[in-house]
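I have placed the structure first, in the form of C-alpha cells, so that the comments after it can refer back to it.
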Amino acid sequence: MSAERREPAVDVAGIGFGPSNLSLAIALHESEGTTARFFERQPEFGWHRGMLLDDATMQVSFLKDLVTMRDPASDFSFVSYLTDRGRLADFINRKTLFPLRIEFHDYLSWAAARVDDLVTYGSEVVDVRPVEEDGEVQAFDVVARRPGGDTTVTRATTVVVGCGLTPVVPAGVVCSARIWHTSELLGRVEEVASSAQTPRRFAVVGAGQSAAEAVDHLYRRFPDAEICSVFSRFGYSPADDSPFANRVFDPDAVDEFHRAPESAKREILDYHRNTNYSVVDGDLIESLYSAHYQELVGGHERLRIMNVSRVTEQVEGDDGVRLHVESSTTLETEVLDCDAVVYATGYRPADPIALLGSAGGLVDLRDDLPIVERDHGLRLRVPSAGARLFLQGADEHAFGLTSTLLSTVAVRAGEIAGAITGAKGAVGAGVGR
C-alpha cells in the first residue's frame, strides 16, 4: 500500500467539480485571498456527456449561467464566452434564451479551463477526516486517491461537497452493452452504429425529457429500426415552464422555502413537480406526435407508443434483450425482441454523508436527512473552531426544486463564498434582491 503524500493546506477543499463547485471556484477566484483545491474523479471536465445531442437545447435561460445572477459584470458569463468564441452576434440573431446543450457544455468547459489551477482531475476523495483539538473540530484532512493508488492528504478549514447525480434504473436491472441508462446514450449508440449488425428494434422505458429525447434520437439515427416508447402514463406530460410557475426557481423562492414549515415544503414540492420531474418540452411532444401520426396515416408504425404499460420481465441473450411489456388496462403482455433497451428512469443525488466519509458522522440529521443552514452549511453535532462543511445539491428538502438544477448555482456560490470569506450581505445576495 502506497504512503499518503501530504499536500499544502488550503482554506477550501471541494469534493466534485460539476457546475455547482465550478461556480464556487469562480466566485472564490474573483474574490481573491482564499486558497482552494477541488477534487474531481473524472480525468477532465464533463457534464452529462451521454446526452449532448447535437440539436438538444437547454431548458434554462443562458442568463442562469455560472455567474450572471450573482454578478452580471463577471467576465465568466455566457455572454463573455460567446464574445470570446466570436459568436455573440450570431447567438443574438437566433432570438432565443436557450443555448444548444453542446454549446452550454462548451461554455462550462471554457470556464473550467480558466480556473484549472484550482482543480485536480482524476482524483477521487475517499475520506474526510476531522482534525480535532480540545474537543473542537479545527479542520479536515481530505484524502484523495489518484489512478494507480497514490493517495494525497490536503488539510482544509472548509469542505464543500458538490453532490453529483447517480443514474437510477429499476430494481433488478443491470446495465450492460445492450441495457443502458440514458446517461450513456451517445457512447452506446456509436457502438451500435459501428457494429456490423443492423439494429431492428429499440425500447425506451420512461416518460420524462430524457426518455423523449432518447426516443427522438434513436428514431432519427436508425431509420430502419422500430422504436418502442414504454411508459405508464397515457402520454408524455408537458413541462410547466410558464412565467408564474417558474418563480419556484427564483433566488427569493429559496429563502421562502427554507424558512417554511415542513408541511408547506411538502406541498410546494408536490404542487410544482411538473416543472421538473417526468415532464417533456412541449415542442418535442408535438414533434414526436406528428411523426407518430404520419406513420399511422401511412400504415407503417415504426414509432410505437406503448403507453399505460410497464416492463414485467427482461432477459438478456447473446444477440439481444427479450422484453415483456404488460398493458396496465388489458393486462395483456407483448414480448419484444430488442437490440437494446434504454432506461430513462432518472437520477438521484449522491449521498453527501457517504461522500464525507469519517466527517459524515459529525453531521446533524433530522428524519435521516442532513440539517442544512440557510448559508448552505451543514449543522454539526460537535463544537467547531471555525471548521465548516457546506453542501451543494442533495438538499431539496431544505431548499426546494432548485437544489440539483442550474437555476440558482451562481447565487448559491456567492452565498457560500460569502459565508467562507465573511463577506457581509452574502446570504440572499443576487440579481433581483
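The values are calculated or read from the model by the stated rules, or taken from the named source; none is laboratory data. Computed from a predicted structure; not experimentally measured. Positions of Cβ are backbone-derived with ideal geometry, glycine not excepted, and every protein chain shown enters the neighbour counts. Keep in mind that these areas ignore ligands, DNA and RNA; they rest on the heavy atoms of the full protein, side chains included. Shrake-Rupley method; radii C 1.70, N 1.55, O 1.52, S 1.80 Å.
Residues are listed down the side, and each one gets a yes or a no for (1) closer than 28 Å to MET58 by Cα; (2) open to solvent by 10 Å² or more (accessible area, probe 1.4 Å); (3) aliphatic (A, V, I, L, M); (4) in a helix (DSSP H, G or I):
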| residue | (1), (2), (3), (4) |
| --- | --- |
| GLY386 | no, yes, no, no |
| PHE390 | yes, no, no, no |
| ALA398 | yes, no, yes, yes |
| THR402 | yes, no, no, yes |
| SER407 | yes, no, no, no |
| ALA410 | yes, no, yes, yes |
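Quick check on SER309: is it hydroxyl-bearing (Ser, Thr, Tyr), touching a Ser or Thr at 6+ places or on another chain (Cβ under 7 Å) and closer than 21 Å to GLY393 by Cβ? Spelling it out, it is not the case that SER309 is hydroxyl-bearing (Ser, Thr, Tyr), touching a Ser or Thr at 6+ places or on another chain (Cβ under 7 Å) and closer than 21 Å to GLY393 by Cβ.
Restricted to region 253-284, and to residues there that are touching a residue at least 12 places away in the same chain (Cβ under 8 Å) and of a type in the set (Asp, Glu), the residue that is surrounded by the fewest Cβ atoms within 10 Å (Cβ to Cβ) is ASP255.
In region 309-325, is there at least one residue being touching a residue at least 12 places away in the same chain (Cβ under 8 Å), touching a His at 6+ places or on another chain (Cβ under 9 Å), more than 27 Å from LEU401 (Cα to Cα) and not hydroxyl-bearing (Ser, Thr, Tyr)? Checked region 309-325: at least one residue is touching a residue at least 12 places away in the same chain (Cβ under 8 Å), touching a His at 6+ places or on another chain (Cβ under 9 Å), more than 27 Å from LEU401 (Cα to Cα) and not hydroxyl-bearing (Ser, Thr, Tyr). Number of residues in region 75-97 that are open to solvent by 80 Å² or more (accessible area, probe 1.4 Å) and closer than 13 Å to VAL60 by Cα: the value is 1. Only residues that are assigned to a loop (DSSP other than H, G, I, E, B) and open to solvent by less than 40 Å² (accessible area, probe 1.4 Å) were counted across region 196-232, and they come to 7.
Only one of the numbered conditions (1) aliphatic (A, V, I, L, M); (2) at pLDDT below 95; (3) open to solvent by less than 50 Å² (accessible area, probe 1.4 Å) is violated by VAL160, and that is (2). Looking across region 29-54 at every residue that is in contact with a helix residue (DSSP H, G or I) (Cβ under 9 Å, 6 or more places away or on another chain) and of a type in the set (D, E, K, R), the one that is most open to solvent (accessible area, probe 1.4 Å) is identified as ASP54. Screening ARG188, ARG129 for residues that are among the basic types (Lys, Arg) and buried (at least 17 other Cβ atoms within 10 Å of the Cβ) leaves exactly one candidate, ARG188.
Within region 353-370, the presence of a residue that is of a type in the set (D, E, K, R) and surrounded by 14 or more Cβ atoms within 10 Å (Cβ to Cβ) is excluded.
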